[in-house]
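One structure is given below, encoded as structure tokens.
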Amino acid sequence: MIRPTFPSTPAKRLGGVTMIEVLVSLLILTVGLLGVAGLQARMQTAEVEAFQRAQAIVLLQEMVDRISANRQKAAIEGYVTDPSEPLGTGSTLDCSAPATVFLKDQCEWSSALTGAAETTGGGANKLGAMNEARGCITNPVTTMPREVVVAVVWQGLVPTVVPAATNCGSGEAAYGSDGKLRRAMIARIKIGCLQNDPATGACVTP
């Protein structure tokens, strides 16, 4: 008896995703998400740094305007601060009853550097300035045309190069042991002569 034969059909290959492929996909996705998170963190840091720099410009210009409006020699000498005792954070300046215009300007500027322009919690939290903000005023050129240098320093978020333009606030613990957290901005004010002696040409502006 002859048995009928049937053509054999090849077994179908099962398709699908293996476990190793799933793990590789998850690894790639995780690395990508970590990269996005790191980029976002850096963007936030850069945003805060830019905001603090904008605040520093405003505070710097405030004192520049005050000095420009009170440009007599005696007043300029009164504006000069002790390099070891900057205004702002940690200042020991007595502002209970400022007797002169420049002392009043110093007190108001020192208060602004501590963030007193914007507060919360009934004045307990001062938010109107940069972190650990300090200000210094020097008078490197005392003869006409006189020069006054106003410096504002504050605490950055990440270490960078130590600013060499000013030593204001140098040595403060808040700026790191190496000073690389210290940010600085300076402005130079030239006090020109408004009147000259016709005979000698010498400046007679007080």
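Among the GluC sites (Glu not before Pro) in the range 60-116, none is located in a DSSP loop while being surrounded by at most 13 other Cβ atoms within 10 Å of its own Cβ. Computed from the Kirkwood radius of its Cα pairs, the Stokes-Einstein diffusion coefficient for the chain at 10 °C and 1.306 mPa s stands at 74 µm²/s. On full extension, the segment bounded by A164 and A50 gains 39.0 nm, given 0.36 nm per residue less the C-alpha separation. Of the residues C193, C203, C168, the one with the fewest other Cβ atoms within 10 Å heads the list, and the complete ranking is C193, C203, C168. Sorted fewest first by neighbouring Cβ atoms within 10 angstrom, F102, F51 come out as F51, F102. Computed over the chain with a Gaussian network model linking Cα atoms closer than 10 Å, the most mobile of Q44, Q52, Q195 is Q195. About the centre of its Cα atoms, the chain shows a dipole size close to 1140 debye [charges on the beta carbon of Lys, Arg (+1) and Asp, Glu (-1) only; nearest 20 debye]. Rounded to 0.05, the FRET efficiency of the T142 and A41 pair, given R0 = 35 Å and the Cβ-Cβ distance, is 0.15.
Sorting R182, R53, R188, R66 from the fewest to the most surrounding beta carbons within 10 angstrom yields R188, R53, R66, R182.
Once the Cα atoms of helix 19-69 and of the chain are each reduced to a long axis, what angle between those two axes, in degrees from 0 to 90 to the nearest 10, is obtained? With both axes taken from Cα atoms, the answer is about 10 degrees. Three principal axis extents of the range 66-180 based on alpha-carbon atoms, in descending order, are 41, 37, 20 Å.
Readers should treat all values here as calculations from the given coordinates under stated rules, not as data from a laboratory. Since the model is a prediction, treat every value here as computed from it, not as a measurement. Positions of Cβ are generated from backbone atoms using ideal geometry, with glycine treated the same way; all protein chains shown enter the neighbour counts.
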